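Chemist: Structure incoming, see below.
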Amino acid sequence: MKNLLKLSALAAVLVASATYASAGTVTIGSSGTSGPFTNGGLQFIGYNSTPGTIFPGVLTLNTTINGAPFVATSATTNIGTGGGVWAGPLAGSSWVSFTNTAPGSGNVAANGSYVYMTTFDTTAAGPGALTGSMTILADDTVSVFVNGTAVGNEEETAQPVGADGHCSAGVPTCLGTGTTFALTGLVNGVNNMWFVVEQTGLLSEGLDFTATATNVPEPSTLLMLGTGLVGSAGALFRRIRK
């Protein structure tokens, strides 16, 4: 009887351990960088003078700051919140732009769409189906694409120039605790992520986000693994008895 109780306890521990080990989570946050542009390190890949660009749009690195021509680079920079004008940054991330376009910087970014890109490596989460989520802030608003498919809120992409008042019309915005949504379309391995930041209110421009991907173990797989472990434990106790 005692051996049976020990066997049951060990089996429960083994199954619980298997369940825990089979699930993993990968987390990334936005950051400015000159490369590599991976796992949240954002690359500025272009600008389109027409707000509401549909991915990927017709892009150029030429824009204007304070009405003067400005040639951006693919590098990005971490920027501040303008003394609390913007919310955030979210934990584990930074506000990012192609140059210092934070509130109070004196730099007025031209209206249009600013497109950024990064990759998201989910390998560490383990094999199997993935579930993901993203929390995001932007000025003015932003559309998110994973592996070429829209997954984020695109409410503002149809708004006319000047429709946004300090990024507060529609969501996501630069205010509050950010907008959280399901991050669908993730694959095991490297994923491409694009962000189209729509600038329609002049003044400041920027992007801040965090994202997670979690492995979702299949119940049938866990059951098979647990059954195998129970059998192994039984064989072990039979040897001990002998």
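Chemist: Just checking, which of 82, 106, 57, 46 is crowded, with 20+ Cβ neighbours inside 10 Å, on the phi > 0 side of the Ramachandran plot and touching a residue at least 24 places away in the same chain (Cβ under 8 Å)?
Modeler: Of 82, 106, 57, 46, the one residue that is crowded, with 20+ Cβ neighbours inside 10 Å, on the phi > 0 side of the Ramachandran plot and touching a residue at least 24 places away in the same chain (Cβ under 8 Å) is 46.
Chemist: Moving to a separate point now. Just give me the residues in segment 183-204 being under 17 Å from residue 65 (Cβ atoms), part of a loop (DSSP other than H, G, I, E, B) and out of contact with any Asp or Glu (no Cβ under 6 Å at 6 or more places or on another chain), in sequence order.
Modeler: The answer is 202, 203.
Chemist: Six or more apart or on different chains, Cβ atoms under 8 Å: show the pairs whose first residue is in segment 182-194 and in the same structural domain as residue 211 (by TED's automatic domain parsing) and whose second is of a type in the set (Asp, Glu).
Modeler: Within 8 Å, the pairs are 189/121; 190/121; 191/121.
Chemist: Counting only residues that are touching a Leu at 6+ places or on another chain (Cβ under 9 Å), of a type outside the set (Gly, Ala, Ser) and surrounded by fewer than 23 Cβ atoms within 10 Å (Cβ to Cβ), which one in segment 131-150 is nearest to residue 84 (Cα to Cα)?
Modeler: The residue in question is 135.
The values are calculated or read from the model by the stated rules, or taken from the named source; none is laboratory data. If you're wondering where the values come from, they're calculated on a predicted model, not measured in any experiment. Note that we place each Cβ from the backbone using ideal geometry, even for glycine, and neighbour counts take in every protein chain shown.
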